[in-house]
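Notes follow the structure.
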Amino acid sequence: MILSGAELPRLVAGIPGPASRALATRLAAHESPNITCQQPAPPIFWVAAKGAAVLDVDGNVYVDLTAGFGVAHAGHANPAVAAAIAAQAPILAHGLGDVFPPEIKVRLLERLAAIAPGDLQVSILANSGAEAVEAALKTAVLRTGRHGVIAFEGGYHGLTFGALAVTHRPHFREPFEAQLFPGVRFVPYPAATEDLDSVLAMVAHELADAETSPWPVGAVLVEPILGRGGLVEPPAAFLPALRGLCDGERTLLICDEVYTGCGRTGRWFACEETDTTPDLLVLGKALSGSLPIAAVIGTPSALSGWPPSTGEAIHTSTFLGNPVACAAALAQLEEIEAGGLLARARDIGDLIASRARRWQERGLIRERSGRGVLQGVRVGSPGAGTVLCAAALRQGVIVLAEGAGDVLALTPPAVITPAQLGPALDVIEGLLPGLPDAGGSDPTSHCASNGADTA
Ligand SMILES: Cc1ncc(COP(=O)(O)O)c(C=O)c1O
């Protein structure tokens, strides 16, 4: 079946259906445990996705309110992005990142410099958000000579060892805690204006501690909107205040916009909302809308700690600046700009926000937060959102929970049509009043979103 991208849910088989169940059995035989969630029921297996529509292997069609982890901002299989990949792949599919770079890498770096705010002009490319976060942390060490990092409670920056050390959630950290860098201080993320002063005082205290601390702080790493931590929007004064505390010499301000960047909030970058230009800006996910590519963009000053490469770069990787991924990113950025997807994200965001406000007035949700196509609604006790996700899937709506499984992430592709969004939100609205006691579910898991009939 060929999807147009604008489909409404069409359910023709069980969720998961027999073909998904059979694939789950084959997958379980050959994939490590703990990668794909198989409990309490097997997942659905995707065979096609376009725009905001997803087709599973049993022929069920869903509306995607996740944009595939926030990647498909311009829609799944965006035609222009797909065409750029198809055009690049037969010509030059691989370059030698740091030795014989592909020509197209130069064009992507120039494009990133053109869209980045302020004097963010110099980038390091990477293959994942976590890797880009680590490149930013290395950059801060080289520029400041200080290894300590301030990160925030609830923050998520990826799961490789360097990124995991600055990721807060114990669920991810505990098995590996002994190997994590100890020089990270976690400070509460200010959800409300009344928290702001105390948080800023803590940050200022940690920064001032450089004389006595074994790990003087060289970087403050922050998400402009806490993403996986529950779509928490800080007070508007937060980022500007952090900017004021980081001087770009002894301490760099790093905005992790892997989730919020590339148009998701209705601006190119969420930090622009408060006119804050960090020293380093980290991007991933929606940067290419499809292929694995990420970047850290910084000021020339911030990047100046890196020595010139005299033949053996001290930071690189085999696929750095992969030409096909560069082509996808260039096409995606062009789609966002030429297709008016920043304004579109704001318009779709207005529809989501006005519906969520009505839910709040009716007492169906506790609160709403976020901007554009990056919003969340807090639905109740930990795990309640995860339960709702499973029920929504059974009605053809793909949605994930964040935070403690109590926040529904309403993060569709910006190209979702109002005709798709309305019915998808109707499904959620219909499920909100009947949320069961979520006590039995794992609050940190997306897993019940696999549509388990038992959930
Ligand atoms: C804010 C943020 N930073 C970093 C990452 C890690 O990105 P990746 O999964 O591509 O390594 C994520 C992933 O969700 C994220 O939300």
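The values are calculated or read from the model by the stated rules, or taken from the named source; none is laboratory data. All of these numbers come straight from a predicted model, not from anything done at the bench. All Cβ positions, even for glycine, are placed from backbone atoms using ideal geometry, and neighbour counts span all protein chains on display. Protein only, heavy atoms only, side chains kept; ligands, DNA and RNA dropped before computing areas. Shrake-Rupley method; radii C 1.70, N 1.55, O 1.52, S 1.80 Å.
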Q) So which GluC sites (Glu not before Pro) in segment 160-260 pass both tests, a DSSP loop state and at most 14 other Cβ atoms within 10 Å of the Cβ? A) Glu249
Q | Calculated Rg and Dmax of segment 247-385 using C-alpha coordinates, Å | A | 18.7, 64
Q: Along each of the three principal axes of the Cα atoms of the chain, give the extent in whole Å, ordering the values from largest to smallest.
A: 61, 55, 44
Q.
What number does segment 51-123 give for Rg over Rh if you use C-alpha atoms and the Kirkwood radius?
A. 1.10
Q. Between Ser4 and Gln121, what is the spin-label point distance in nm, taking each point 7 Å from the Cα along the Cα→C-beta axis?
A. 4.8
Q) What is the projected area of the convex hull of the Cα atoms of segment 290-372, averaged over all directions, in nm²? A) 9.2
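Give me the net charge for the shell around Ala132: Cβ to Cβ below 14 angstrom, other residues only, Lys and Arg +1, Asp and Glu -1.
In short, -3.
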Q: Measure nothing fancy, just the Cα-based angle from helix 384-393's long axis to the longest principal axis of the chain, in degrees from 0 to 90, nearest 10.
A: 60
Q.
Taking 2.2 N^0.38 Å as the expected size of a compact globular protein, what ratio does the Cα radius of gyration of segment 1-116 give against it, to two decimals?
A. 1.38
Q: From the C-alpha gyration tensor of segment 329-435, pull out the three semi-axes of the equivalent ellipsoid (sqrt of 5λ each), sorted largest to smallest, in whole Å.
A: 25, 14, 13
Q: Hey, can you find the accessible area per residue of the chain for me, probe 1.4 Å, expressed in square angstrom?
A: 40
**Q.** the chain - mean residue ellipticity at 222 nm from DSSP helices (-39,500 (n - 2.57) per run, n ≥ 4, rounded to 500)
**A.** -10500 deg cm²/dmol
Q: Would you tally the net charge around Ile336, using a Cβ to Cβ cut-off of less than 12 Å, leaving Ile336 out, and scoring K and R as +1, D and E as -1?
A: +1
Q | Linear extension gain, Ala48 paired with Ser198, 0.36 nm per residue minus alpha-carbon span | A | 49.2 nm
Q | Span per principal axis, largest first, for the Cα atoms of segment 73-196 (Å) | A | 50, 35, 34
Q. Which whole-percent values make up P(r) of segment 167-256 when all C-alpha to C-alpha distances are grouped in 10 Å steps starting at zero?
A. 15, 46, 34, 6
Q: Please work out the C-alpha center-to-center distance from segment 175-194 to segment 298-357 and express it in whole Å.
A: 26
Q: With N set to the residue count of segment 212-304, report its C-alpha Rg divided by 2.2 N^0.38 Å to two decimal places.
A: 1.10
Q: Round to the nearest 0.05 the FRET efficiency obtained for Ile314 and Ala210 when R0 = 30 Å and r is the Cβ-Cβ distance.
A: 0.75
(Q) With a 1.4 Å probe and all protein chains left in place, how much of the accessible area of the chain comes from carbon and sulfur atoms, in whole percent? (A) 58
